[in-house]
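Engineer: The structure under discussion is supplied below as structure tokens; questions concerning it will follow.
The values are calculated or read from the model by the stated rules, or taken from the named source; none is laboratory data. What you see is a predicted model; the values in this text were computed from it and never measured. All Cβ positions, even for glycine, are placed from backbone atoms using ideal geometry, and neighbour counts span all protein chains on display.
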Amino acid sequence: MSEPIEDYLDGLYAQLRTDPRSARRLLDEAADHLHGAAADFEEQGMSRLEAEREAVLRFGASEPIARADAGPTFAALLFDTGKAVTLLGGIGLVAVGLSGVVAGAMTALFGRQFVGGGLARSVFGGPPASVAEDAGDAVALRVLAGVVGIVVLAVLWTARRARPDSMRLRVLPAAYVDLVALVAFASATLLLAAASIDQVVQHAGHGTGFFLSGAVVALAGAVVYGLRAVRSVLHRTA
């Protein structure tokens, strides 16, 4: 006599590539769901055979279930890493763009000398470019990078809306992006703050805004992602 549910469970068991305890757990859960659904269909007037077939049909194919429970693979790790790097790159570019906006505000408030004065000499060791050129580059190139970052994040957001499961991290921990962003922004804050102090000491403050504008945005990013990382870790341990 045909037993659709038992046949389905046999097929699922044959495809599992996990440890015995996880396999038993998955089979028990699947069996409970299938038998419960079949009982409901019987109450609606179906025969037992029809009810089991309908339960199996609605439960779905066994291959995706077996793959989902197979555990992490190197390919899945690479895919997760690619998604995380792309997201972090987009966030970083947007931060650069915001620092350009801050640099523009500093130029308007404190003058071009504060943002661009003596910058080429201090950074590259060569003759200084014009103050206007330095200050203009500090704004225009960063804003352009920010636009690229917005495009990257928009593409990722669209992909996540279209296929939510494909964009979710499966191997890397959920807090991975937040923790990496925190470390990156905190490191950038320290380096840029040190460069700002050097400009004040070595060049009478000329060009300080070039670095200080980045430090301000990096500090804000470190605070935001620090809070997100703490929340993610606490949520995981709750």
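Engineer: Take residues that are at pLDDT 85 or above, of a type outside the set (Val, Ile, Thr) and buried (at least 20 other Cβ atoms within 10 Å of the Cβ) and tell me which of the helices (runs of 4 or more DSSP H) falling wholly in region 36-145 contain 3 or more.
Structural biologist: Output list reads 48-59, 74-110.
Engineer: Got a number for residues in region 180-236 being aliphatic (A, V, I, L, M), surrounded by fewer than 18 Cβ atoms within 10 Å (Cβ to Cβ) and assigned to a helix (DSSP H, G or I)?
Structural biologist: Of the residues in that region, 17 qualify.
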